[in-house]
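The values are calculated or read from the model by the stated rules, or taken from the named source; none is laboratory data. Computed from a predicted structure; not experimentally measured. Don't worry about glycine lacking a Cβ; one is built from the backbone with ideal geometry, like all the others, and counts go over all protein chains shown. The area values use the complete protein model at the heavy-atom level, side chains included, leaving out ligands, DNA and RNA. Shrake-Rupley method; radii C 1.70, N 1.55, O 1.52, S 1.80 Å.
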Amino acid sequence: MSGVHPFRVLRARPLWIANGVITGVLALLFAVFYVGANIDPVGHTKELPVGLVNADKGAAVAGQQVNLGARITESIKKSTAGGDRIDWKVMGEKEMKEELGKGKLFGALVVPADFTSSVTALTGTAPAGTPARPTLTVLTNQSAGSVGSGLARTATTQAAENASRQLGKQLTAQTGAQQAKLPAAARVLLADPAAVTVEDGHPLASHSGLGLTAFYYALTLVVVGMLSANVISGQVDHALGYTHNDMGPLRLHRPLIRATRVQTLAISSTLMAGLSLLMGTLVMAGAVGIMGMDASHLPLLWLYSVCAIAVSGIGALTLLAVFGTPGMLVVTLVFIGMAVPTAGATTPIEALPGFYRFLAEFEPLRQITGGIRSILYYDAQGDAGLTRGWVMMAVGLTAAALFGFGVTRWYDRKGLHRIPVETTPEKTAAPA
């Protein structure tokens, strides 16, 4: 037996260098992905979709039909105050409600039907008193993401206030000398005629986490799949006799059952697919049954949960099979490091830098979150993210199967078998 003390390995420079490089790169990448994606959402916001609705029916003024709502919406549409940060989508009330109900709008600005008549009433010679102030309604949509809804609310409120002041200048100029005949309160309101009110455009139930339960539920599915892949991979290796299994102070070892890399990946993937039925059931039972999360379409939610765990887990098993021990770091970066900032749940995709928007096109968490959001908040409508979720999971599973089994088959053909050193037959010395 060697007389070298185990702590002497700490004097080995390669040990410090190898671990320093790996942990340092991991720390740097997580800082870049997490902090970099969210450091300036306002500055990176581009084409955030917001509805612009003119429901104003107009009114006859001095023998002419006037529609001040159209004037306001046109002013907002042409305004350069927000640059290209807001993508104003002019639409009707019905379409606006449908788009809010699919998470395709982060908010909306609505000009009410009586807006023109209410504004023109301010210019009349009504008895002394406070005239009724017309309103512009800002609708929020927390179901599409609290940060995105907040950005839309701020931009829409500012646009509405600017439009009101601009309209006030026009009305003041038009009334001219008539202002002296107006009540004092009317003259004040005339300079800034519209009040801005804020309402929830797509109300959620109380146990919906302010629109974040979909994200955390989806994150749970991905993390469960990822961590289960690590457990299953280790247990399959132990069952085949390739590795020891430490249970506290005990070390268990089974006889070696030789298996190709393709066979090992197939066994692990089969186990993952089967156990996903159990894990998906327990995740839903914990979130909905125990914690009381608001949810509908429970059979669909269960099926989607099972499939999401299976796809995430098989994807992780593929990376572990291809990259070996470093595979867990790759899995962590793909399923957590790059996925959480690009999920579009906390910070909207429209408020991310270009690189992160690119990642969001294929990162699994975003696709799964979109499907869960559709099931929980949008009545499981396909074009609210559910169809994309199913399609991208199918694409991801196909890509993982082709990549994983393709590479492991190549390993097997090259003779890169997983046979421990102690089981390799010793070479017999040639006779003298």
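Compute the Rg/Rh shape ratio of the stretch 235-299: radius of gyration over Kirkwood radius, all on alpha-carbon atoms. Please report the intermediate quantities before stating the final value.
Working: Rg = 17.7 Å, Rh = 14.7 Å.
Reported Rg/Rh (Cα atoms, Kirkwood Rh): 1.21.
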Original post:
If you place +1 on the Cβ of every Lys and Arg, -1 on the Cβ of every Asp and Glu, and leave all else neutral, what size is the dipole of the chain about its Cα centre, to the nearest 20 Debye?
Top reply: 920
Subject >> Efficiency of FRET between residue 28 and residue 133 - r from beta-carbon atoms, R0 60 angstrom, step 0.05 >> reply: 0.65
Subject >> Accessible area in square angstrom per residue, the stretch 334-419, 1.4 angstrom probe >> reply: 42
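What's the local net charge at residue 354, with K and R +1, D and E -1, over the other residues with C-beta under 14 Å away? Provide the component values of the computation, followed by the final result.
Working: positive: 46, 357; negative: 40, 47, 84, 350, 361.
Value of the local net charge: -3.
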Original post:
Using only helices, what value at 222 nm comes out for the chain when you add -39,500 (n - 2.57) per DSSP H run of length 4 or more and divide by the total residues, to the nearest 500 deg cm²/dmol?
Top reply: -17500 deg cm²/dmol
Original post:
In what order, largest first, do 216, 378, 411 sit by accessible area if the probe radius is 1.4 Å?
Top reply: 216, 411, 378
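So for the chain, what percent of the C-alpha to C-alpha distances run longer than 43 Å?
Numbers: 32849 of 93096 pairs.
Pairs farther apart than 43 Å: 35 percent.
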Subject >> Normalised alpha carbon radius of gyration of the stretch 323-412 [divisor 2.2 N^0.38 Å] >> reply: 1.24
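Extension gain residue 303-residue 197, at 0.36 nm per residue separation less the Cα-Cα distance, in nm? Don't jump to the answer; show the numbers that get you there.
Values: separation 106, 0.36 × 106 = 38.16 nm, distance 4.09 nm.
Length difference between fully extended and current span is 34.1 nm.
So if I take the alpha carbon set of the stretch 376-421, get Rg, then get Rh from the Kirkwood formula, what is the Rg over Rh ratio?
Numbers: Rg = 18.5 Å, Rh = 13.4 Å.
Ratio of gyration radius to Kirkwood radius for the stretch 376-421: 1.38.
What percent do you get for the relative contact order of the stretch 254-405 when only Cα pairs under 8 Å and 6+ apart count? Walk me through the intermediate numbers first.
Working: 159 pairs, mean separation 35.4, N = 152.
For the stretch 254-405, the relative contact order is 23 percent.
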**OP:** Note down the accessible area of residue 104, probe 1.4 Å, to the nearest 10 Å².
**Re:** 80
Subject >> In Å², nearest 10: area of residue 39 left accessible to a 1.4 Å probe >> reply: 120
**OP:** Can you send over the carbon and sulfur percentage of the accessible area for the chain, probe radius 1.4 Å, protein chains only?
**Re:** 63
Original post:
So, how do all the Cα-to-Cα distances of the stretch 246-356 break down into 10 Å bins, in percent, from 0 on up?
Top reply: 12, 26, 36, 20, 6, 1
**OP:** Just read off the accessible area of residue 46 with the full protein assembly in place, 1.4 Å probe, to the nearest 10 Å².
**Re:** 90
Original post:
Using a Gaussian network model of the chain with C-alpha springs under 10 Å, which one of 160, 108, 31 is most mobile by mean-square fluctuation?
Top reply: 31
Original post:
Using a simple spin-label model with points 7 Å from Cα along the Cα→Cβ vector, what separation in nm is obtained for residue 21 and residue 409?
Top reply: 3.3
Original post:
Hey, if you put +1 on the Cβ of every Lys and Arg and -1 on every Asp and Glu Cβ in the chain, which of 105, 334, 66 ends up farthest toward the positive end of that dipole?
Top reply: 334
Original post:
Nearest 20 debye, what's the magnitude of the dipole of the stretch 16-111 about its Cα centre given +1 on Lys and Arg Cβ and -1 on Asp and Glu Cβ?
Top reply: 160
**OP:** Send over the semi-axes of the stretch 187-279's equivalent ellipsoid, whole angstrom and largest first, taken as the square roots of 5 times the C-alpha gyration tensor eigenvalues.
**Re:** 57, 14, 11
**OP:** Quick one: what are the phi-derived ³J(HN,Hα) couplings along the stretch 312-323, Karplus 6.51/-1.76/1.60 with θ = phi - 60°, whole Hz, x for glycine and proline?
**Re:** 5, x, 5, x, 5, 4, 4, 5, 5, 5, 7, 9
